[in-house]
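S.K.: The structure under discussion is supplied below as structure tokens; questions concerning it will follow.
Just so it is clear, none of the values below were taken in a lab; they were calculated from the coordinates. Here the structure is a predicted model, which is why all the values come from computation and not from measurement. As a convention, Cβ positions derive from the backbone with ideal geometry for all residues, glycine included, and neighbour counts pool all protein chains shown.
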Amino acid sequence: MALRRGFRHVVALAGGVGGAKLVEGLAKCLPDGALTVIGNTGDDFRHYGLHVSPDLDTVMYTLAGIAHPVNGWGIADDTRHMLSMLARYGEETWFGLGDHDLATNILRTHWLAQGMPLSAVTARLCQRLGVTTCLLPMTDDLLATVVYTVEYGRLAFQEYFVRHRWQPTVQRLVYEGAEAAQPAAGVLEALETAEAIIICPSNPLLSIEPILQVRAIREAIKARRAPCLAVSPIIEGAALKGPTVKIMRELGLRADVAGVSSYYGDLIDALVVDEADREVDIQQRRFVTNIRMMNSADRVRLAEEVLLMIGDLA
Ligand code: FO1
């Protein structure tokens, strides 16, 4: 494999926990300022008046080194006093927002109310936490993933994902607000100047598709001069995490690496699959390695390998 180091600018598309792991590895492999992450905001919602951005926070906390080590979302060693008090008031506590995490969401909501766009708020939160990687929301506009289910009809994303623990059967996904949503400041510039675009091993339908639903983002990736590579979120027909396989099946898609390959189609030049899937037919160039990220060393190893693979494509 040709060795090509010294990337000056790489863009990664990421959702929540799975995406954040590879992002952490990339941030450690690349020089300061060389990585831009475009994060999913389709999961954002208002909770007791607060603007919560779960996927942006998961990436931000991971890069700040304070993410909860088991959940991947939320903050390590956080406490639940606010939730206990909500319960005492007889309110529902299905969304497990910890006390330290609450501070992030209070600040985000406060700064948004002062008129700052989400991209500027995110940059300020990252800067205060010492995160030097550029984390951009896909859009500053409202674009919400909505899940239509057999059992409950229309569910807001977090109701489906957290409240109902992604158990309802999905009939249809709708990305509300997509037609009008514009890329956030910096997103198109990042894509246009990228030497490589990496689609992290996030759920293609729930985490990556909302980003691609911002039409100008999809068009910028289609018009790319740089190679675009995705890492599979599926190994041997099982999701690395969460409902990827379940939803793909429910929507009548093939739920394995071949399904991921046809889902992305010509939007990507290559797909990184696990050694266990080395024989599965895919449409793009295939790279094979161990794609499980069990610890911090794995994140760096996979990121390093992905950068070498991209060097081979370029
Ligand atoms: N996920 C859960 O499964 N249960 C929770 O109670 C929960 C709380 C939560 C609080 C803040 C935050 O930023 C994320 C949180 N998540 C929780 C994760 C999150 O809702 C999902 O993982 C993503 O939206 C899907 O990527």
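S.K.: In the Gaussian network model of the chain, springs joining C-alpha atoms below 10 Å, which of 209, 195, 250 carries the largest mean-square fluctuation?
M.R.: Most flexible of the set in this elastic network: 250.
S.K.: How do 308, 118 rank when sorted from fewest to most other Cβ atoms within 10 Å of their own Cβ?
M.R.: On the way: 308 17, 118 25.
By the 10 Å Cβ count, ascending, the order reads 308, 118.
S.K.: Please list, ordered by chain and number, the residues whose modelled amide H lies under 5 Å from the amide H of residue 235; skip anything fewer than 5 residues away on the same chain.
M.R.: 240
S.K.: Provide 274, 99 in ascending order of the number of other Cβ atoms located within 10 Å of each residue's Cβ, fewest first.
M.R.: The most exposed by this proxy come first: 99, 274.
S.K.: Here is a follow-up. Label points 7 Å out from Cα along the Cβ direction at residue 189 and residue 82: separation in nm?
M.R.: 3.2 nm
S.K.: Now a separate question. Of 112, 56, how do they rank once you tally other Cβ atoms within 10 Å and put the fewest first? Spell out each step's value before the answer.
M.R.: Values: 112 16, 56 29.
Placing the least packed residue first, the sequence is 112, 56.
S.K.: Excluding residue 114 itself, what net charge comes from residues whose Cβ is under 15 Å from its Cβ, given Lys and Arg +1 and Asp and Glu -1? Can you show the working numbers first?
M.R.: On the way: positive: 108, 124; negative: 140.
So the environment of residue 114 carries a net charge of +1.
S.K.: In whole angstrom, how far apart do the alpha carbon centroids of the stretch 2-76 and the stretch 234-262 sit?
M.R.: Measuring centre to centre over Cα atoms gives 22 Å.
S.K.: Another question, then. Please report the relative contact order for the stretch 214-314, taking Cα pairs under 8 Å with a sequence separation of at least 6, and give it as a percent rounded to a whole number. Could the numbers behind the result be given before it?
M.R.: On the way: 127 pairs, mean separation 25.3, N = 101.
Dividing the mean separation by the residue count of the stretch 214-314 yields 25 percent.
S.K.: In whole Hz and in residue order, list the ³J(HN,Hα) couplings for the stretch 291-307 that follow from phi through the Karplus curve 6.51 cos²θ - 1.76 cosθ + 1.60, θ = phi - 60°; x for Gly and Pro.
M.R.: Working through the residues one at a time gives 9, 6, 10, 8, 8, 4, 5, 4, 4, 5, 4, 5, 4, 4, 5, 4, 5 Hz.
S.K.: Also, I was wondering about something else. Rounded to whole Hz and in sequence order, give me ³J(HN,Hα) for the stretch 171-187 from the Karplus expression 6.51 cos²θ - 1.76 cosθ + 1.60, θ = phi - 60°, writing x for Gly and Pro.
M.R.: 9, 6, 10, 10, 10, 6, x, 4, 4, 8, 5, 9, x, 5, 3, x, 5
S.K.: Here is a further query. List the residues whose amide H sits under 5 Å from the amide H of residue 171, counting only those 5 or more places along or on another chain, with H placed 1.01 Å from N in the peptide plane.
M.R.: Residues meeting the criterion, in which the H sits 1.01 Å from N, are 148, 149, 150.
S.K.: Tally the DSSP beta bridges in the chain and give the antiparallel ones as a percent, rounded to 5.
M.R.: On the way: 17 of 41 bridges.
The antiparallel proportion sits near 40 percent.
S.K.: Which residues' amide hydrogens lie under 5 Å from the amide hydrogen of residue 194, considering only partners 5 or more residues apart or on another chain, with H built in the peptide plane?
M.R.: Residues meeting the amide H criterion: none.
S.K.: Only loop residues by DSSP count here, and only those with at most 15 other Cβ atoms within 10 Å; note down the trypsin sites (Lys or Arg not before Pro) in the stretch 145-199 that meet that. Don't jump to the answer; show the numbers that get you there.
M.R.: On the way: sites: 154, 163, 165, 172; in loops: 165.
Passing sites in the stretch 145-199 are 165.
S.K.: Give me the number: length gained by fully extending residue 288 to residue 223, i.e. 0.36 nm times residue separation minus the C-alpha to C-alpha distance, one decimal in nm.
M.R.: Numbers: separation 65, 0.36 × 65 = 23.40 nm, distance 2.63 nm.
Length difference between fully extended and current span is 20.8 nm.
S.K.: Rounded, prolate or oblate: which fits the stretch 50-194, taking a ≥ b ≥ c as square roots of the Cα gyration tensor eigenvalues, rounded meaning a/c under 1.5, else prolate when a/b beats b/c?
M.R.: Oblate, since a/c reaches 1.5 and b/c is not below a/b.
S.K.: Suppose a student asked you for the relative contact order of the chain, using Cα pairs under 8 Å spaced at least 6 residues apart; what percent would you report?
M.R.: 21 percent
S.K.: For the chain, rounded, prolate or oblate, judged on the Cα gyration tensor with a ≥ b ≥ c (square roots of eigenvalues), a/c < 1.5 rounded, else prolate if a/b > b/c? Intermediate results must be reported in sequence, preceding the final value.
M.R.: Details: a/c = 1.56, a/b = 1.30, b/c = 1.20.
In terms of gyration-tensor shape, prolate.
S.K.: Looking only at the stretch 30-53, which residues have a backbone nitrogen under 15 Å from a spot 7 Å from the Cα of residue 127 in the C-beta direction?
M.R.: It comes to no residues whatsoever.
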